[in-house]
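Data first, discussion second: the structure below is written as structure tokens.
The values are calculated or read from the model by the stated rules, or taken from the named source; none is laboratory data. None of these values were measured; they are calculated from a predicted model. Here Cβ is always computed from backbone atoms with ideal geometry, including for glycine, and neighbour counts include all displayed protein chains. Heads up: the accessible areas ignore ligands, DNA and RNA and are worked out on the full protein's heavy atoms, side chains in. Shrake-Rupley method; radii C 1.70, N 1.55, O 1.52, S 1.80 Å.
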Amino acid sequence: MILKFAATIYNGVMSLPQGMMVTLKYFLKKPVTMQYPDQKWVMPARYRGVVSLIFDKNTGKHRCIACKNCVKICPNYSLAIETAVGEDKKWFPKTFTLELGQCMFCGLCVEICPTKALEMNKEYELATYTREELTRSLLP
Amino acid sequence: MKEDSAQDFITEEYLLNMGPQHPATHGVLRLVLRMDGENILDLVPDLGYLHRGFEKIAENRTYKQFLPFTDRLDYLAGMFNNHVYCLAVEKLLKITVPPRAEYIRVLVSELNRIASHLVWFGPFAMDLGAITPFLYAFREREMIIDLLESVSGQRLTYSYFRIGGVAQDLPDDFIVQAKAFCEYFKPKVDEYDTLLSKNIIFIKRTKNIGVLPKELAIDYGCSGPVLRGSGVAYDVRKNEPYSVYKDLSFDIPVGTIGDSLDRYNVRIEEMRQSVRIIEQVLEKLPGGEIMAAVPKVVKPAPGEAYARIEAPRGDFGFFIVSDGSDKPYRLKIRAPSFSNLSVLPELVKGLKISDVLAVFGSIDIVLGDVDR
Ligand code: SF4
Ligand code: SF4
């Protein structure tokens, strides 16, 4: 009885070095961990970050025509637009807000936009101190 | 002081709450254990902590809008959730998906299956006291997640499938990277074997623990590795092939007696099989369209449809009733984890408290899937 017990423990202990060998192999290799706050991620091209309007580099204008397709498709109702008519008789968004706390980063709004006015940027550190900060205006 | 203390000593049963905040419940689940000393008399899973009411939400969203919500059901296997939802809606709409899209779907799904099994493998080992496999499993999983992120843009909540196809084609270097991953991953599974599967301590803790007989598994509606571990070779991919699975060759691993070790072995072998599928898909991937012609507003004719797939945790189904409007009239989700969890009380009766984790881990549930 005691012998059997001892044998079991012996067998168990003896099966450990096998696993240890695997660990030891990695011990001698380079670490795989990234030191996060010091090193930053490079996000892939398709990464879906925060929804934002694309502004033309030269003219500083966006392409939104205030059609509200994005507002309608949004499954979580996180976008809101107030429209207005400009002097050139064209619609434009007077305000354009995103409730970041409500957004689920699905990208449907970007996909549906007829003028390709929206994009999802590469931001990923999105925690804020107050709830109000989560409401973002897409317009400058 | 007194000699008769042994007779006077009154023992009684007691209730032990495991969870809702317990590291080994992998989510929020409360297991109420009725105990006699260290022996388990009964167990009642108390669930619902993660209930978000997705079936009701679906009734208030258009068909296209509901897709991102499905990511959040079984959050370790987002691609499968997308897939089964799209299949159900496509059935309602009677759309045929282009072959390239179907192959891409299978490709990303099988990658996702490996990632999901790795998240089971690591924590399962950790629950039993082996910490190293966890780190290795997550190292490999990270590579898959990076691959899937480069395709879909997100790490877990992919929303990559669309009704009628997939959102975007694969990125340029994806095929090369996926091949490289397969080559990298194959020896890793053998390494897990050395680390854990052959470890005598691990075998002692799982062999003959939580035996689930065939009949009981079928009675409870178990599916996936839990059912196959009990020796029933049932896999939706083989028994009712959807997508392009009938063109691919792969084996269905089964266990013999249905103990925790059998369920473990089935999943380990499934990872190998998934690699096999991925390699075939990468070989066969046809060119062409990735989206079928889908109306701008999805409004299926009145009727109903049921689609099912083999998710990492089992038979996963969506039942949709359409009343002809742009929103589902009723949507019912058949979650594999729910049925698999319901069999847990049968398995742990008479075991010791420390065995609960071995059995519970081998069942592999995701609470997002159980509670919905
Ligand atoms: S990403 Fe999705 S949830 Fe967020 S604003 Fe766009 S449509 Fe709405
Ligand atoms: S869909 Fe595009 S153009 Fe229309 S309101 Fe939204 S951002 Fe503007």
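Before moving on, here are some points about what is shown:
- Test for residue B:162: is it touching a Cys at 6+ places or on another chain (Cβ under 8 Å) and at pLDDT 85 or above: yes
- Flag for residue A:36 being within 30 Å of residue A:139 (Cα to Cα) and modelled with pLDDT of 80 or more: no
- Residue within the range B:198-208 that is more than 21 Å from the chain's Cα centre (by Cα), more than 12 Å from chain A (Cβ to nearest Cβ) and either in contact (Cβ under 8 Å) with a residue 40 or more places away in the chain or outside any strand (DSSP E or B) (or both) present: yes
- Filter result for residue A:51 (over 31 Å from the mean Cα position of the chain (by Cα) and either more than 12 Å from every other protein chain (Cβ to nearest Cβ) or within 30 Å of residue B:171 (Cβ to Cβ) (or both)): no
- Just so you know, in the range A:21-48 the residues that are facing chain B (nearest Cβ under 9 Å), farther than 18 Å from residue B:138 by Cα and not aromatic (Phe, Trp, Tyr) include one that is surrounded by the fewest Cβ atoms within 10 Å (Cβ to Cβ), and it is A:45.
- Take the conditions (1) open to solvent by 70 Å² or more (accessible area, probe 1.4 Å); (2) modelled with pLDDT of 80 or more; residue A:95 misses just one of them, which is (1).
- Residue A:105 being of a type in the set (Phe, Trp, Tyr), surrounded by 13 or more Cβ atoms within 10 Å (Cβ to Cβ), within 8 Å of ligand 1 (Cβ to nearest atom) and over 19 Å from residue B:296 (Cβ atoms): yes
- Evaluated against (1) touching a His at 6+ places or on another chain (Cβ under 7 Å); (2) basic (Lys, Arg); (3) free of Cβ contacts under 8 Å to residues at least 24 places away in the same chain, residue B:296 falls short on exactly one condition, (1).
- Hits in the range B:56-81 - residues which are among the charged types (D, E, K, R) and either within 11 Å of another protein chain (Cβ to nearest Cβ) or within 16 Å of ligand 1 (Cβ to nearest atom) (or both): B:61, B:64, B:71, B:72
- Residue B:190 open to solvent by 10 Å² or more (accessible area, probe 1.4 Å) and part of a loop (DSSP other than H, G, I, E, B): no
- Some residue of the range A:113-135 being open to solvent by 40 Å² or more (accessible area, probe 1.4 Å) and within 10 Å of ligand 1 (Cβ to nearest atom): no
- Applying the set (1) within 14 Å of chain B (Cβ to nearest Cβ); (2) more than 14 Å from ligand 1 (Cβ to nearest atom); (3) farther than 26 Å from residue B:294 by Cα to residue A:67 leaves exactly one unmet item: (3).
- When residues in the range B:32-70 are screened for being of a type in the set (A, V, I, L, M, F, W, C), touching a residue at least 60 places away in the same chain (Cβ under 8 Å) and outside any loop (DSSP other than H, G, I, E, B), 10 of them pass.
- In the range B:161-187, the residues that are in a strand (DSSP E or B), more than 11 Å from chain A (Cβ to nearest Cβ) and of a type outside the set (A, V, I, L, M): B:161, B:165
- Restricting attention to the range B:20-55, the residues that are open to solvent by 20 Å² or more (accessible area, probe 1.4 Å) and away from chain A (no Cβ under 14 Å) add up to 25.
- Residue check, residue A:8 within 30 Å of residue B:197 (Cα to Cα), within 10 Å of chain B (Cβ to nearest Cβ) and at pLDDT 80 or above: no
- In the range B:121-160, residue nearest to the other protein chains (Cβ to nearest Cβ) [restricted to those that are under 16 Å from the mean Cα position of the chain (by Cα) and open to solvent by 10 Å² or more (accessible area, probe 1.4 Å)]: B:157
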